[in-house]
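Below you'll find the structure, written out as structure tokens, and then a few comments.
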Amino acid sequence: MAAAFAERERSERDLEDIVEIHSGGTDPGDAVHEEVVEVMAEVGIDISDRSPKYVAGLQELKEAHYLITMGCSVTKFNPARYGVESRSWDLTDPDGEDIGTVREVRDEIETRIASLFDEIERLVEEDHVNADSSQGIVGSIRDALSL
């Protein structure tokens, strides 16, 4: 859900050239839960073709600016060691939850993603003001969200 909302925010805010999104879990399921597909479709986002994946490629995480976890930890990766800002959102795992709870989790993720992108946009605007050229903004802010 978080990656789908982040992709939408990135597109709506025209940040495709600045924001990279990497998504994976520490214990991914075999398929996206049907209730998650259903509640995302309710807000116009189709994730029926997605499949869970392991958060492999810790090298990508080492280059990230933000590492967002949803109630799990990435024990093999020490975000502070690499200068990565880590945020734990500690959300309810929707697996096996009733549809109302899954909707609440979806709405909380959507709100948090929008706030995160507000923050990223502020950073982009500040950098744009401080950059000597338009090239500077892309070179100095290369955010990767690990959601």
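Tabulated data
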item: Residues that are in a loop (DSSP other than H, G, I, E, B), crowded, with 16+ Cβ neighbours inside 10 Å and touching a Lys or Arg at 6+ places or on another chain (Cβ under 9 Å), drawn from the stretch 31-51; result: Val32, Ile45
item: Helices (runs of 4 or more DSSP H) within the stretch 52-145 that include 1 or more residues at pLDDT 80 or above and among the aromatic types (Phe, Trp, Tyr); result: 99-130
item: Tally, over the stretch 77-113, of residues that are out of contact with any helix residue (DSSP H, G or I) (no Cβ under 7 Å at 6 or more places or on another chain) and of a type in the set (Lys, Arg); result: 3
item: Enumeration of residues in the stretch 8-28 that are part of a helix (DSSP H, G or I), surrounded by fewer than 19 Cβ atoms within 10 Å (Cβ to Cβ) and either touching a strand residue (DSSP E or B) at 6+ places or on another chain (Cβ under 6 Å) or among the basic types (Lys, Arg) (or both); result: Arg8
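The values are calculated or read from the model by the stated rules, or taken from the named source; none is laboratory data. Quick caveat: nothing in here was measured; it's all calculated off a predicted structure. All Cβ positions, glycine included, derive from the backbone under ideal geometry; neighbour counts span all protein chains shown.
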